[in-house]
Amino acid sequence: MERINLLVLSDNLDLRIEVKNLVNDESFAISGYSEFTPEGRTKIINKFPEVVLCAVRGEVHENVFEYVQDLLTAIRGTIVILVNDNISVELVNKAAQYGIRKVMPIDGIGCDAFSESIMTVYRLEQQRILDTNEGKKVRCKALGFFAGKGGTGKTTVAIGVAAQLAKAGKRVMLLDLDLQFGDVAMALDIDKKNSIVDLVQDRGGITIENINGFAVEHSTGISVLCAPKSSELAEFITPKHIEKIIDIMRPYYEYIIVDLPASFGDTTVTALENCEEIYLVYNNEMLSLNNAKICYCILEQLHQREKIRFIINKYEKGLVKTDDFKDMFQTEMFGVVPADYQTAIASINKGVAVTASGPKSAISKGISDIANKIIEKHTGIVPIEEKEGKKNGLFRFGKKAD
Ligand SMILES: Nc1ncnc2c1ncn2[C@@H]1O[C@H](COP(=O)(O)OP(=O)(O)O)[C@@H](O)[C@H]1O
Ligand SMILES: [Mg+2]
């Protein structure tokens, strides 16, 4: 299953590091830090972590409790744990009144005990949510599709996965961040009347209303925010815009699929940093393998390695083996999509996702497997596709995966 996201809320920089160092369990990932500010509140709401570790040294003032209370009304389903160095019965009682699930010490508690306590609280909360049917708000995942090489099939796979996720009933935004040469609009036969540039230049600013206004609803069920109409307009988009667009979209979509160009520009790096997962799409040939190595190293330097999953697209027998990729990167391939030029070309001609153009083709099967695996990893539920013709091709869901 997924790692549990923790966010450390503290005004004290040293304390943030102390708390971070106490979390050494593989089950957890620190998804960010924030302060007791209005911006911090927005950040937490958008990140929607499973657990907020609210860390304070010394007396815990009233405004900390009020901040937490306000936060909890905005994001149900997130647990707040107070970390303090001066725990008393009064403090624990007061914390409970404000909806804080546990008060934990900073000093004298080892990493194991610290992580174990968080896990216990988390499990109890999960059970409570199940029992009370709470937690309606969905957690959003931003998934980037990238490679340092053009033509590997990033766009094709990103569109196909987005379409399959939508078919499975998920709310999906497809964001074309190949700002100079983005071709999602062309591939999906969308009139590029409005694009991301129109959004950032609009007087109303980057709001969810504007995003919805400038995005296009495609027949596949996905919303699409297109790349600029011409490449020179790309310069109007800054990394700050990218961060803000993704942040604002998060509460409204279950998946943000980000199609990226074949280079590490500023906006691409910001997009990668703001994605939970990075799908590297390569082909099983030598130039791809070599490029994958370079990309992997750069992503490692950018502290993004943990997010990488590999997809081999246009797979053909007799070329580089998928095992060579596996050995090189010490990881299983997340998905393998066979080469199928007929279906790929037909889908572009029809302006639909490959999965819609040839639903029974091998390429569709490969992409559907990827989408199903993504759902399974995030929810623990294995989607089972209905047989053709039944229930409009919708998905029903199988039992929980182990
Ligand atoms: N599995 C596949 N089999 C055959 N052709 C494919 C496959 N995936 C993509 N293509 C084709 O490869 C070309 C490049 O794909 P594209 O998705 O635009 O790559 P990228 O976004 O990485 O530049 C397109 O013509 C596309 O139709
Ligand atoms: Mg592309």
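The values are calculated or read from the model by the stated rules, or taken from the named source; none is laboratory data. For clarity, every value in this text was computed on a predicted model and none was experimentally measured. When we count neighbours, we look across all protein chains shown, and the Cβ atoms used for this are built from the backbone with ideal geometry, even at glycine. Side chains are part of the model used for accessible areas, which takes the heavy atoms of the whole protein and leaves out ligands, DNA and RNA. Shrake-Rupley method; radii C 1.70, N 1.55, O 1.52, S 1.80 Å.
Things worth noting here:
- Listed by first and then second residue, the pairs with beta-carbon distance under 6 Å, at least 6 apart or on different chains, first residue in the stretch 268-287 and closer than 15 Å to E316 by Cα and open to solvent by 30 Å² or more (accessible area, probe 1.4 Å), second of a type outside the set (V, I, T) and not in a strand (DSSP E or B), are E285/L319.
- Per-region count, the stretch 342-381, residues more than 12 Å from A163 (Cα to Cα), in a helix (DSSP H, G or I) and either of a type in the set (V, I, T) or within 9 Å of ligand 1 (Cβ to nearest atom) (or both): 12
- The stretch 183-210: number of residues that are more than 22 Å from G151 (Cα to Cα), outside any loop (DSSP other than H, G, I, E, B) and in contact (Cβ under 8 Å) with a residue 40 or more places away in the chain: 5
- Against the test of being within 21 Å of Q180 (Cβ to Cβ), out of contact with any helix residue (DSSP H, G or I) (no Cβ under 8 Å at 6 or more places or on another chain) and within 16 Å of ligand 2 (Cβ to nearest atom), the options C295, C226 yield a single qualifying residue, C295.
- The set of residues from the stretch 249-267 being more than 13 Å from ligand 1 (Cβ to nearest atom) and at pLDDT 90 or above comprises M249, Y253, E254, Y255, I256, F264, G265, D266, T267.
- Of the set (1) under 12 Å from V51 (Cα atoms); (2) touching a residue at least 12 places away in the same chain (Cβ under 8 Å); (3) open to solvent by 40 Å² or more (accessible area, probe 1.4 Å), all apply to I87 but (1).
- Checking the stretch 317-333 against the condition returns a match, with at least one residue being basic (K, R), in contact (Cβ under 8 Å) with a residue 24 or more places away in the chain, away from ligand 1 (no atom under 11 Å from the Cβ) and assigned by TED's automatic domain parsing to the domain that holds I370.
- A158 falls short on exactly one of the conditions (1) touching an Asp or Glu at 6+ places or on another chain (Cβ under 8 Å); (2) more than 16 Å from ligand 1 (Cβ to nearest atom); (3) among the small types (G, A, S), and that condition is (2).
- Picking from residues in the stretch 166-182 that are part of a loop (DSSP other than H, G, I, E, B) and open to solvent by less than 20 Å² (accessible area, probe 1.4 Å), the one that is nearest to ligand 1 (Cβ to nearest atom) is G182.
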